[in-house]
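See below for the structure under consideration.
The values are calculated or read from the model by the stated rules, or taken from the named source; none is laboratory data. Note that the coordinates shown come from a computational prediction; the quantities given were computed from them, not determined experimentally. Note: ideal-geometry Cβ built from the backbone for every residue, glycine included; neighbour counts use all protein chains shown. Protein only, heavy atoms only, side chains kept; ligands, DNA and RNA dropped before computing areas. Shrake-Rupley method; radii C 1.70, N 1.55, O 1.52, S 1.80 Å.
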Amino acid sequence: MDIHEYQAKEILAKFGVAVPQGALAYSPEQAAYRARELGGNRWIVKAQVHAGGRGKAGGVKLCQSEHEIHDATNAMFGRKLVTHQTGAEGKGIYRVYVESAVDFDREIYLGFVLDRTSQRIMIVASSEGGMEIEEISATRPESIVRSTVEPAVGLQEFQAREISYALGVPTALTQQMVRTLQGCYRAFRDLDATMVEINPLVITSDNRILALDAKMTFDGNALFRHPHVAELRDKSQEDPREARAADRGLAYIGLAGNIGCIVNGAGLAMATMDTIKLAGGEPANFLDIGGGATPERVAKAFRLVMSDENVQAILVNIFAGINRCDWVAEGVVQALKANPVDVPVIVRLSGTNVEEGQKILARSGLPIIRASTLMEAAERAVTAWKNDSKQNTRMRAV
Ligand code: GDP
Ligand code: MN
């Protein structure tokens, strides 16, 4: 789960990381008022969206008066900010963060990630802050410092000092740098984050180390342990289809095609998407209903897939290992009887009790298109989608 910059700064500040003075606003009037409260005469207004690259996309503006703040934020509110990280549809701007502007001499890149190879939290830093890490690794790879933290002892001072020296931070600021590194590490570890990124971390003209930007991502499976983090979720920044799925405990990724997929198991879901493409179609989503494909879960999955207006056919692909095909078939039939859908439904079952499953589908009287292999299922789904969309008469109450 992602959170906003101002939320990440608030968290990191509690762990001892120095951040600029700032205040949140929900309207241009409030933004101007916030600037007056902060005082000074130069402010940075920053669109709060769950994406980086805001600076280059017009989401970060230096302002020198309350009027400028009003006008700059007026142009932001309600708009979609499109950055290289948002995709073409962009992310809505509903909050802006106003900060006192800071003069700085140097920008440092600082990131904490989960390194799966070493199974450790890894610190990735570079003396070349300000640009994205991808750009740094392409243009100045020699500037990147990597260091993994031994979990039994945590980030030790000597290790943090080494990183500070490697980045060429002046020795007078080593202690501040150690504090920053340890603060980020503790926030990462204590709150089950999967990423902390400060870009840029700056050395100010008056010799302070300050996090000008902050990004944190959390492990969704650990959110139950951190209600204060969980409540920072902002659904306005999520794909609405994915937000609905997450609320219902389903693993769902929205895609741009027309064939909805209901599958048990992530590997099978990927194979299904590949096969749909091979058959000449485009999947509308990735939906893993999990191992226990109970009638309730199947019904939820149908409702979710149907709420995507682009869906013109649904392919159900179930492999029953521990599960049972007859049970899944019962679920599909119940789901479709309770919530009829007006697009072709293709069902492919395989595994335990497959014959009984097929019989249940056949006996149901529902116009379910059956298939026995995955390729056959994908081809039938693509054919059914093409025929159905030709009629082009879909009307549906969502
Ligand atoms: P991002 O583009 O989404 O990563 O947003 P950032 O918060 O990193 O802001 C983009 C750029 O704006 C930074 O790399 C800085 O160069 C600049 N910037 C942000 N805050 C300040 C500030 O307080 N003073 C100055 N001079 N520049 C700032
Ligand atoms: Mn940044």
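Express in whole angstrom the spacing between the alpha-carbon centres of the stretch 178-224 and the stretch 248-320.
Taking the Cα centre of each part, the stretch 178-224 and the stretch 248-320 sit 36 Å apart.
Which length gain, in nm to one decimal place, applies between residue 10 and residue 372 when the Cα-Cα distance is subtracted from 0.36 nm times their residue separation?
Gain on stretching residue 10 to residue 372: 124.9 nm.
Using a Förster distance of 30 Å, how high is the FRET efficiency between residue 222 and residue 271, based on the Cβ-Cβ distance and rounded to 0.05? The partial results should precede the final answer.
Details: r = 29 Å, r/R0 = 0.96.
So, using R0 = 30 Å, E works out to roughly 0.55.
Got the relative contact order for the stretch 99-207 handy, in percent, Cα pairs under 8 Å and 6 or more residues apart?
Numbers: 168 pairs, mean separation 42.3, N = 109.
This gives 39 percent for the stretch 99-207.
In the calculated pair distance distribution of the chain, what percentage of Cα-Cα distances lie above 42 Å?
On the way: 23354 of 79003 pairs.
Counting pairs separated by more than 42 Å, the tail of P(r) holds 30 percent.
Within the stretch 268-294, list the residues whose amide N lies under 18 Å from a label point set 7 Å along Cα→Cβ of residue 116.
268-271, 288
Quick one: which residues, 5+ away or cross-chain, put their amide H under 5 Å from the amide H of residue 255? H built at 1.01 Å from N.
For residue 255, the qualifying residues are 285, 286.
Spelling out what I want: for every residue of the stretch 193-206, take phi, set θ = phi - 60°, compute 6.51 cos²θ - 1.76 cosθ + 1.60 (Karplus), and round to whole Hz; glycine and proline get x.
Per residue, the Karplus-derived 3J(HN,Hα) values read 7, 10, 7, 10, 9, 10, 8, x, 9, 10, 9, 6, 5, 9 Hz.
Report residue 319's accessible area, 1.4 Å probe, all protein chains in place, as a number in Å² to the nearest 10.
Using a 1.4 Å probe on the heavy atoms, I get roughly 110 Å².
To the nearest 10 degrees, how steep is helix 174-190 against the longest Cα principal axis of the chain, on a 0 to 90 scale?
Orientation of helix 174-190: about 20 degrees from the principal axis.
Out of the total accessible area of the chain (probe 1.4 Å, heavy atoms of protein only), what percent is carbon and sulfur? Walk me through the intermediate numbers first.
Working: 9430 of 18660 Å².
That share works out to 51 percent.
Quick check: residue separation of residue 142 and residue 362 times 0.36 nm, minus the Cα distance between them. What number comes out in nm? Intermediate values should be presented prior to the final figure.
Details: separation 220, 0.36 × 220 = 79.20 nm, distance 6.41 nm.
Between residue 142 and residue 362, full extension yields an extra 72.8 nm.
Using only Cα atoms, tell me the angle between helix 5-14 and the longest principal axis of the chain; keep it within 0 to 90° and round to the nearest 10.
Between helix and principal axis, roughly 60 degrees.
Leaving out same-chain residues fewer than 8 places away, which lysines sit with a Cα under 29 Å from that of residue 61?
List returned: 9, 14, 46, 80, 91, 215, 235.
How much FRET efficiency would the formula 1/(1 + (r/R0)^6) give for residue 75 and residue 206, where r is the Cβ-Cβ distance and R0 is 41 Å, rounded to 0.05?
Efficiency for this residue pair is about 0.80.
To the nearest 10 degrees, how steep is helix 325-338 against the longest Cα principal axis of the chain, on a 0 to 90 scale?
It is inclined by approximately 80 degrees.
Using the Karplus curve 6.51 cos²θ - 1.76 cosθ + 1.60 with θ = phi - 60°, what ³J(HN,Hα) values do you get for each residue of the stretch 355-370, in whole Hz, with x for Gly and Pro?
Once rounded to whole Hz, the list reads 5, 4, x, 4, 4, 4, 5, 5, 6, 5, x, 7, x, 7, 8, 9.
So what are the three principal axis dimensions of the stretch 243-358 from its Cα atoms, in whole Å, longest to shortest?
Taking the Cα atoms of the stretch 243-358, the three principal extents are 34, 30, 25 Å.
I want to verify a result. In a Gaussian network model of the chain, Cα cutoff 10 Å, which of these has the top mean-square fluctuation: 208, 116, 348?
116
Just read off the accessible area of residue 98 with the full protein assembly in place, 1.4 Å probe, to the nearest 10 Å².
Its heavy atoms expose roughly 0 Å² to the probe.
Keeping every protein chain present and rolling a 1.4 Å probe, give me the accessible area per residue for the chain in Å².
Values: 18660 Å² over 398 residues.
So the chain comes to 47 Å² accessible per residue, rounded to a whole number.
Restricting to Cα pairs below 8 Å that are 6+ residues apart, what does the relative contact order work out to for the stretch 1-97? Please round to a whole percent.
Dividing the mean separation by the residue count of the stretch 1-97 yields 32 percent.
Assign one of three labels to the stretch 1-90, namely rounded, prolate or oblate, based on the Cα gyration tensor with a ≥ b ≥ c the square roots of its eigenvalues; rounded applies when a/c is under 1.5, prolate when it is not and a/b is larger than b/c, and oblate otherwise.
On the way: a/c = 1.98, a/b = 1.08, b/c = 1.83.
Note, shape of the stretch 1-90 comes out oblate.
Got a sec to turn the phi values of the stretch 146-156 into Karplus ³J(HN,Hα) couplings, 6.51 cos²θ - 1.76 cosθ + 1.60 with θ = phi - 60°, whole Hz, x for Gly and Pro?
10, 8, 9, 9, 6, x, 5, 10, x, 6, 7
Determine the shape class of the stretch 41-179: with a ≥ b ≥ c the square roots of the Cα gyration tensor eigenvalues, call it rounded for a/c under 1.5, and otherwise prolate if a/b is greater than b/c, oblate otherwise. Working shown, then result.
On the way: a/c = 2.43, a/b = 1.70, b/c = 1.43.
It is prolate, given that a/c is not under 1.5 and a/b is the larger ratio.
Mind listing the long-range amide H neighbours of residue 49? Cut-off is under 5 Å, sequence gap 5 or more, other chains count too, H placed in the peptide plane at 1.01 Å from N.
5
Sticking with the crude label model, points 7 Å out along Cα→Cβ, report the distance from residue 189 to residue 338 in nm, one decimal please.
4.6
Want the number for residue 56 to residue 307: 0.36 nm per residue separation, take away the alpha-carbon distance, what's left?
On the way: separation 251, 0.36 × 251 = 90.36 nm, distance 3.46 nm.
Roughly 86.9 nm would be gained on extension.
Based on DSSP, what percent of beta bridges with both residues in the chain are antiparallel, to the nearest 5?
Values: 48 of 66 bridges.
In the chain, DSSP labels about 75 percent of beta bridges as antiparallel.
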